[in-house]
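Note sheet for the following structure.
The values are calculated or read from the model by the stated rules, or taken from the named source; none is laboratory data. Keep in mind that what you see is a predicted model, and the values were worked out from it rather than measured. For neighbour counting, all protein chains shown are included, and Cβ atoms are generated from backbone atoms with ideal geometry for every residue, glycine included.
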4 protein chains.
Amino acid sequence: MTQIFEKITRSVVPSLDKVLGKPFAVLDDGFVRVVDYLGSDASIVQAARVSYGKGTKKISQDRQLIRYLIRHRHTTPFEMCEIKLHLRVPMDIWRQWIRHRTANVNEYSTRYSEAIDSSHRTEQSAWRTQSPHNRQGSGEYLSPAIGRRLSRRESELLNLTGAVYAERLLAGVAREQARKDLPLSTYTEAYWKMDLHNLMHFLELRMDPSAQLEIRQYAAVIGREIVRRWCPLTWEAFEDYSLDALTLSAKEVAIITAVAHGKRKEAVQLAVKHEYVMEKHGEIKPPLEGKELEEKLERMELPIPWAMK
Amino acid sequence: MTQIFEKITRSVVPSLDKVLGKPFAVLDDGFVRVVDYLGSDASIVQAARVSYGKGTKKISQDRQLIRYLIRHRHTTPFEMCEIKLHLRVPMDIWRQWIRHRTANVNEYSTRYSEAIDSSHRTEQSAWRTQSPHNRQGSGEYLSPAIGRRLSRRESELLNLTGAVYAERLLAGVAREQARKDLPLSTYTEAYWKMDLHNLMHFLELRMDPSAQLEIRQYAAVIGREIVRRWCPLTWEAFEDYSLDALTLSAKEVAIITAVAHGKRKEAVQLAVKHEYVMEKHGEIKPPLEGKELEEKLERMELPIPWAMK
Amino acid sequence: MTQIFEKITRSVVPSLDKVLGKPFAVLDDGFVRVVDYLGSDASIVQAARVSYGKGTKKISQDRQLIRYLIRHRHTTPFEMCEIKLHLRVPMDIWRQWIRHRTANVNEYSTRYSEAIDSSHRTEQSAWRTQSPHNRQGSGEYLSPAIGRRLSRRESELLNLTGAVYAERLLAGVAREQARKDLPLSTYTEAYWKMDLHNLMHFLELRMDPSAQLEIRQYAAVIGREIVRRWCPLTWEAFEDYSLDALTLSAKEVAIITAVAHGKRKEAVQLAVKHEYVMEKHGEIKPPLEGKELEEKLERMELPIPWAMK
Amino acid sequence: MTQIFEKITRSVVPSLDKVLGKPFAVLDDGFVRVVDYLGSDASIVQAARVSYGKGTKKISQDRQLIRYLIRHRHTTPFEMCEIKLHLRVPMDIWRQWIRHRTANVNEYSTRYSEAIDSSHRTEQSAWRTQSPHNRQGSGEYLSPAIGRRLSRRESELLNLTGAVYAERLLAGVAREQARKDLPLSTYTEAYWKMDLHNLMHFLELRMDPSAQLEIRQYAAVIGREIVRRWCPLTWEAFEDYSLDALTLSAKEVAIITAVAHGKRKEAVQLAVKHEYVMEKHGEIKPPLEGKELEEKLERMELPIPWAMK
C-alpha cells in the first residue's frame, strides 16, 4: 500500500466549544446543554467529496455544496455529524420527543432513584384556549382572572401529588410503583444523542407552528443556539430549504401559474376540478386543503381567485 | 424470462385468526389484541431457504431449521413476519414500552381528543415494597393495613386529577395544555406494529424477572397468548435458546468446568483471579457478578466452591 | 372492562390480490413481484383516526384525510402498511437499493449456493454517454457502430467471468471465494419487506430523473404497478405532493413573487444578493442553484428576469 | 434554576488519539483507520449513572458497572459512544458489511468518479476448498499447483475487466453504466460511522469463526486494534460475555447437569426426548444441534454420554 494519507485531526468547532456544558434555559425549570459532538460543516463537505475521488478538482465552494446537498436531499453526509445533549424536560413533552426513534437515549430512571422534585408550573397569564380552527392546537390566552384560578388549582394538585409520592416512599413502597401517579408535568432528564440529519428532521417538525408551544421552545433553542453555532452553513441552508420553504403540489403549481398570469377563471376551474374548492348552493368554499392554498397565494402576494369580485 | 414461479398465496395462520380482534385483558383496564399480521413459521423457513437456491435439496426439517436460525442469531428471516397489535396501557408503562424503537406506532392523541377517562388503580393487596437487593425492583407485598391507606390516598389523588382536568376543559383550556398534570397511571391506547425479530427482543427484555411487574404482564400475554399461536416453532426455539437459556462468560466456563470435575481449590483460585469473589479479612465474599455465578451453579445443581467446608 | 370492540378482519385489497405472485419484468432478466402485504388505504385512515377517540365524528373523507397526512408529513399512519416483494436485480443496482436501511431483507446467498447464472446484458442501442452537465448521470445514446463493439466486448467479458467461476467450482474452490470476481451485472434475488412510508421515500429518490436509469425502471414498476393498486388514494396524494411537487426556498419565494408581479429589477437584485446569480465582467451568470431556479420559473411559465432584454 | 452543573469537557482517549488516521492494513490493499470519535468508557459509565440521580453514592467501580451492563444487556449506554472509520474494502466484502443497517455511510461513488483501480487478488497459496461440513464455509487450502493455475486465471480475468472498463470510458460511456461489469473484488472506500453498541453486534457476528475469512480480518482489526484502545473496559467485558461466551439452551442445561453428575442414562434419555440425538437402527446419531452440544460438552471437558461405552 503506497497510498498517501492526509493527516487527520478530530473535528473542533470553537464557536460551539464556547457553550459546551452551558445550560440554555427553557420553560420554568428545563434546559438543554451540549455535552459532546463529532463533526462540523467541514466533515459534511469531506463526506460528500469522498464521492469525487482523488482526481477531482474542488469545483464547488463549501456553501454551495452544502446547499446542493440539502435541496437534493443527499442526506447521508449530514449523518456524519453527531451531537450529544443533556436535557431537562417535563415528561409530557418528553412523550412527544421520544417518538423520534433514531436517537440514542439514556433517561433518568425513577425506578432506581427518587423522581426529580420539580414540575412544570403554568403562570397565571400562560393558560391558552383551545384553538377554534385546529383540533390539536391552542388559541388565545385566557383572562387573568381565570388564569389565577387555574394556577391556584394547579398548585393544589401538585402539592397533593408530591405529598402522596412522599407518603408512598415513606411507607416503603417500591420506587417503580410509587411513581405511578406522578403528574406528566414532572421534569425528567436525559442524555440524547443524534446525528445532524435526523436532528434537522426533528427541528423541522418541532419548530413548526403546528407543534405544541412547549416543545417548540426546546426545538428553537436547539436550532438557533446550538446547531447554528455548530454548523452555520448547514443551518442557513436548512432554514432556507426546509424551515421557511414553500412546497406546492403539482395541482397547486397549475392553479398558481394561472393566477400569476391573471387567468382567474381558469384558476377557479382547476381548483374546482382538483377539489381545492367546492361549489355548494352557488357559493364557493375551500376545504382545509384549499385554505392552505389560500395561505400560499397570500405568501406570494397573489390574489385568491375565488374570492375576487 | 422463462423462469417458473411458484404460486403465491398470502400467509394465513388459523390458530391466530381465531383470536383476531379478541382483547386479552391485562391489569385492571388494559388489553392487547391482534389487528393484523403478515407471515408465519412457514415464511421464516421460506426466507431462510432463499439462500439455498433452486438446486438445493430440502435437507433440514422446518423445526430444525428454525432452531438453527435462532441459536446462530440468523435474525433476518424473523423480520419477514410482522404483527399489528392494539394496546391499552397506562402511560407509566408506555414510557418503557416506547423505548423499543423499531416499532411503528400510532398513539391516541390527547391533543386531538380528551384523555381516556381511566387510570390504572392499585388494589389494597398489590402495593409492593422496595427490593432490598435490587435498586430498581420490588420486594414483598405491604401489609393490608398499609395497603388500604395507600389505595385510599390513590383514590383521593385520582379524584382530584380528574376534577382539575375537567375544570380546565370547562374553562376552555386547550387540550394540549389541560393534560399537563394527568397522572402517569392514565391509560393510553395505540396501534403498535413490529417484526417478529424485534418483538422477540422486546419479549426477552420485558418478560425477564428484572422487568417491572406491570410490563411483564403485558409481555407475557403477547408471548404466550399471541406469538405462541402465531409462530409455534419459533416460540419453542425462542423459549429454549433465549428466555430460559443460560449464558456463561468465558471465565465462568473455566470456573464451572473446575467445579464439575471436583477441583474445588482451582475453582476458587480462578474465581479470585477473575474477581468473581474477593478476599477480605480472610473471608471470601462475592460481589454481584459472583452472586450471579452462584445462581448459575445452583441451576446446574453444582456446589458453590467458596461456600464449601 | 365493558368496552365494546369493533369486529376486526385482516386487510384485503382485491386489486392487489389479482397480481399477487405475478412477476413484473424489468431489464432483460429482472422482475418484481408481490409476495404478501399488510394494510391498505383503509388502515392508514384507521391509524390516523386512533387520535380522534370515540366521541369524534368522522368529519373528513378518507381522500382528504390521506392528502392532509401526506402534505403535513404525518408519516406514522403510512408505517401501518407493509409489503413484501420478491426481486431479481443486478448486483450493481442492488448496491444502491440496499442503502435504504429500514427494509427487511433476505438475499440469495452465493456462499450457500452457486451464483445465479444470469447477468444484465446491454443491447447495442442502449449504451449511454456521460452527461456533460451532471457528473453522476448519463446523456445521449452512443452510435450503433460503437454500441455493437461495446456489446461484443461485454459478451467476451461475461463469457470469461462465467468460465473462470465454473473452473473454480470445478477445482473445488469454496463458493464464498469463487464468487470474488463475479461481475456486478450478475443477477441476485431477494425478499424485500418495507413499510409504505419508507417505500414512498425510496420511490421519491429512485423515481427521480437524477436516479440511474436501471433502478428508476424498478422503482417505476413498484410505484405504478404495485403501490397504485395497493393504496390508490395514497398513491395519488404522493404523486401530487411528492413526486411532482415543487419546493421553493424562502429566497426563491421572494424572487418568484417579484417576478410574478412584474418587478424584474427587484427580482434580479434579490437573486444577486442571495447568490442565485453572479455578476462577472458585466455578465449575469447563474451557478447550479440559479439554473434550478430557472427551471422552476419555466415550470410556472414565468420569465427569467436576468435573461430579459 | 439554581442547579449546579458540573464542568463538561469533550471526551478524549489518548491511546486512541495515537492511532488517529493511521491505516491498519487488511488484505492486499485494504485498510481501516479512525477518523473521529465521541465518547469513551467514562461516558458509558456517566450515561449509566444518569439513572442514579444526585443522591446516589458511587457504589460500584467502573469496571464492575460496565461488566454488569454488558451481561444484562443494558445496551443504551454503549450507544453514547460513536466512532467514524475510513475503510477500503473489496465490494464483495462490502456487500456483507453494508447489511448492518444502523451505520451512517458515505461510499466512494463510481457514478461520480472512475472506479478505484485496484482489486483484491488471491495469492497462490490462499485458495480454499469448500467446507465439507458447512454449506457456507471454507475448508483446507488447495495445493500450490492448483493455486498457481487459479491465480493465473484470476490475473487474466482482472486484466480483461480492467481493459474493458477503460475502453468504455474511452468510448464515452457514462461512468454509471461503464462500471456494470466490474468484478466484485474491486476495492471501494467509505466513511462508516457507528455507535459502540451496534459496533459490538457487528463484531460479534463478523469475528465469529463462521464469518467469511476476509470480513473476519477486518473485524479483528476493528476489535483488537481500535475498540480495545478506545474503550478497554468494554472490550474486556465484551470478549468475556459475548465473543468467548457459551450459551446453553434450557434443554442443554438439563442434559449437561445430568452429565456433570455422572447420570449418563438420564442424560441420553433427555437428549433423545429433546431430539439432540436420534435413534435409528439401534444407533444413536446427533443431528447438527446435537453435534453443537457435543462441542459444548467438550469445552467443559465433560464426556459425551451417547458416545460412552
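Values computed for the structure shown
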read-out	value
Verdict on D:Ala190 being more than 30 Å from A:Leu196 (Cα to Cα) and modelled with pLDDT of 95 or more	no
Subset tally (residues that are more than 17 Å from C:Gly147 (Cβ to Cβ), at the interface with chain C (Cβ under 9 Å from one of its Cβ atoms) and more than 32 Å from the chain's Cα centre (by Cα)) for the range D:150-174	3
One residue from B:Ala211, B:Ala237, B:Ala190 being small (Gly, Ala, Ser), within 14 Å of chain D (Cβ to nearest Cβ) and outside any helix (DSSP H, G or I)	B:Ala211
Filter result for A:Val50 (crowded, with 19+ Cβ neighbours inside 10 Å and modelled with pLDDT under 85)	yes
Number of positions in the range C:215-242 that are free of Cβ contacts under 8 Å to residues at least 24 places away in the same chain and not acidic (Asp, Glu)	7
Filter result for A:Arg135 (of a type in the set (Lys, Arg) and part of a helix (DSSP H, G or I))	no
Number of positions in the range B:101-137 that are closer than 29 Å to B:Tyr165 by Cβ and not aliphatic (A, V, I, L, M)	20
In the range B:243-291, residue farthest from B:Pro305 (Cα to Cα) [restricted to those that are assigned to a loop (DSSP other than H, G, I, E, B) and without any contact (Cβ under 8 Å) to a residue 12 or more places away in the chain]	B:Asp244
Of the criteria (1) crowded, with 17+ Cβ neighbours inside 10 Å; (2) in the same structural domain as D:Leu20 (by TED's automatic domain parsing), which one D:Pro209 fails	(1)
Failed item, numbered, when A:Phe202 is tested on (1) outside any helix (DSSP H, G or I); (2) away from chain B (no Cβ under 13 Å)	(1)
So B:Val26, is it more than 7 Å from every other protein chain (Cβ to nearest Cβ), under 22 Å from C:Ile8 (Cβ atoms) and either touching a Pro at 6+ places or on another chain (Cβ under 6 Å) or surrounded by fewer than 18 Cβ atoms within 10 Å (Cβ to Cβ) (or both)	no
Count of the range B:62-119 residues which are under 17 Å from B:Leu203 (Cα atoms), without any contact (Cβ under 8 Å) to a residue 40 or more places away in the chain and either of a type in the set (Phe, Trp, Tyr) or away from chain C (no Cβ under 14 Å) (or both)	2
Condition check for A:Leu142: in the same structural domain as A:Phe24 (by TED's automatic domain parsing) and surrounded by 18 or more Cβ atoms within 10 Å (Cβ to Cβ)	no
Meets criteria (within 14 Å of chain B (Cβ to nearest Cβ) and either hydroxyl-bearing (Ser, Thr, Tyr) or free of Cβ contacts under 8 Å to residues at least 40 places away in the same chain (or both)) for A:Ala178	yes
A:Ile146, sole failed condition from (1) in contact (Cβ under 8 Å) with a residue 24 or more places away in the chain; (2) in contact with a Phe, Trp or Tyr (Cβ under 8 Å, 6 or more places away or on another chain); (3) facing chain B (nearest Cβ under 7 Å)	(1)
Among (1) at pLDDT below 95; (2) surrounded by fewer than 22 Cβ atoms within 10 Å (Cβ to Cβ); (3) over 20 Å from B:Glu289 (Cα atoms); (4) in the same structural domain as D:Gly223 (by TED's automatic domain parsing), the one test that D:Ile98 misses	(1)
Identity of the residue in the range D:240-253, more than 7 Å from every other protein chain (Cβ to nearest Cβ) and either surrounded by 20 or more Cβ atoms within 10 Å (Cβ to Cβ) or of a type in the set (S, T, N, Q) (or both), that ends up farthest from D:Gly290 (Cα to Cα)	D:Ser242
Identity of the residue in the range B:7-16, more than 8 Å from every other protein chain (Cβ to nearest Cβ) and of a type outside the set (Gly, Ala, Ser), that ends up nearest to C:Ile4 (Cα to Cα)	B:Leu16
The range C:15-43: number of residues that are under 21 Å from B:Gly39 (Cβ atoms), modelled with pLDDT of 95 or more and assigned to a helix (DSSP H, G or I)	2
Candidate set from the range C:127-141 (those that are free of Cβ contacts under 8 Å to residues at least 60 places away in the same chain and out of contact with any helix residue (DSSP H, G or I) (no Cβ under 7 Å at 6 or more places or on another chain)); member that is farthest from D:Ala145 (Cα to Cα)	C:His133
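Condition check ((1) modelled with pLDDT of 95 or more; (2) touching a Cys at 6+ places or on another chain (Cβ under 8 Å); (3) not polar (S, T, N, Q); (4) not assigned by TED's automatic domain parsing to the domain that holds D:His133) across all residues:
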{"position": "D:Ala254", "(1), (2), (3), (4)": "yes, no, yes, yes"}
{"position": "D:Thr257", "(1), (2), (3), (4)": "yes, no, no, yes"}
{"position": "D:Ala267", "(1), (2), (3), (4)": "yes, no, yes, yes"}
{"position": "D:Leu270", "(1), (2), (3), (4)": "yes, no, yes, yes"}
{"position": "D:Glu279", "(1), (2), (3), (4)": "no, no, yes, yes"}
{"position": "D:Lys285", "(1), (2), (3), (4)": "no, no, yes, yes"}
{"position": "D:Met300", "(1), (2), (3), (4)": "yes, no, yes, yes"}
